[in-house]
Every structure is written in structure tokens, then in C-alpha cells.
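Some notes on the structure that comes next.
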């Protein structure tokens, strides 16, 4: 639900500024990107979830903030503050620690027939 809200919010500011500069090609490219950017990563994550164990997938998801930090640093030239780095480290540690021993345990199944001695 956050993506449509962000799109409407951005449209309120962006459309009046772009009115004289829009063409059919730009509108088509923007619509394609708007549909592809959220769907492609989600689809790839679902494929990975099918092939990886739950703990391996959870660990990979826990290190996503590091990827954001690296892309911000390398692509955008953003220098994180010490507080931001500490926050990212804490998020990654919490995410990876929660996956420790992440094997799913099957619940013990009780058979009412054998427990009551009727069998």
C-alpha cells in the first residue's frame, strides 16, 4: 500500500512541473518503470525463497540495509553518519541473530485415540 501512496504524493508535486515536457514515450517509460521496479525485486525474492532455506533467506534479507548503504555511498555519493552506521549494524545484527538456529520445528502431534487408551 505504500507504493501507491508514494506515487500519488509524487504526482501531486511532479505533474504540474512536467506538464510542458511530457511526451507519449516519456509517459510509457514512466509507467513501465513504475510497474517494473516494485514487481521485479519482489518476484526475484519469491524465487529465492523457494530455493533457499528460511534461515538463509532471512539472513540475506537482514543484510539489505548494507546494500542500501553501499549504493548510497557509491552511486549517490552519500556519506553516512556514525549514528546511521551504528543503526545499520544493529539492524543487521538483530536480523542475522534472529535467524540463528532457524530450523523450523514440527509441532508434536497428539493422537487422542492412543492417549485415551481406546486403541
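The values are calculated or read from the model by the stated rules, or taken from the named source; none is laboratory data. The structure presented is a predicted model; accordingly, all values stated were derived computationally and were not measured. No Cβ is skipped: glycine too gets one built from the backbone with ideal geometry, and neighbour counts run over all protein chains shown.
Some values worked out for this structure:
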item	result
Test: residue in region 16-34 that is at pLDDT below 90, in contact with a helix residue (DSSP H, G or I) (Cβ under 9 Å, 6 or more places away or on another chain), closer than 30 Å to residue 97 by Cα and assigned to a helix (DSSP H, G or I)	no
Residue list for region 70-91, filter: part of a loop (DSSP other than H, G, I, E, B), at negative phi and exposed (fewer than 10 other Cβ atoms within 10 Å of the Cβ)	75, 76, 79, 81
Residue match in region 52-65 (condition: assigned to a helix (DSSP H, G or I) and exposed (fewer than 11 other Cβ atoms within 10 Å of the Cβ))	no
Test result for residue 47, over 29 Å from residue 8 (Cβ atoms), part of a helix (DSSP H, G or I) and under 15 Å from the mean Cα position of the chain (by Cα)	yes
